[in-house]
Amino acid sequence: MGAIIETVLTPIGDIKPNPDNPRVIKDKQFRKLVQSVQDDPWMLKLRPLVVDKDMVVIGGNMRLKACQEAGFTEIPTVQDSALTEEQKKAFIVKDNLS
């Protein structure tokens, strides 16, 4: 790592969900998440989606789904193209524990 990382607004259609995402929330919890991003979209700037060089989400899959459901056209992202596959896997696990 060591690259300068900045948050940018990214068209939501450019972001790809991670098919291997281990975390899924459903029904009532998902509706709460959608409501939360609608009520407080500024919070996404404080916790942007993390994507790899291919724009695949490695942190924030459920937030991506909630933003899609809420009709967002752009969403804050942080891209790190320097992560190895092992680092990506470790990040996904740790991010889903929080």
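Values in this text are rule-based calculations from the coordinates and carry no lab data. Note that the coordinates shown come from a computational prediction; the quantities given were computed from them, not determined experimentally.
Relative to the current alpha-carbon distance between Lys26 and Asp54, full extension at 0.36 nm per residue lengthens the span by 7.4 nm.
Cα convex hull of the chain: how many Å³ per residue? Walk me through the intermediate numbers first.
Values: hull volume 9.5 nm³, N = 98.
Considering the Cα atoms of the chain, their hull volume per residue is 97 Å³.
Can you flag which of Lys16/Lys53; Lys32/Lys94; Lys45/Lys89 are past 20 Å Cα-Cα? Can you show the working numbers first?
Numbers: Lys16/Lys53 11 Å; Lys32/Lys94 22 Å; Lys45/Lys89 23 Å.
Check vs 20 Å cut-off fails for Lys32/Lys94; Lys45/Lys89.
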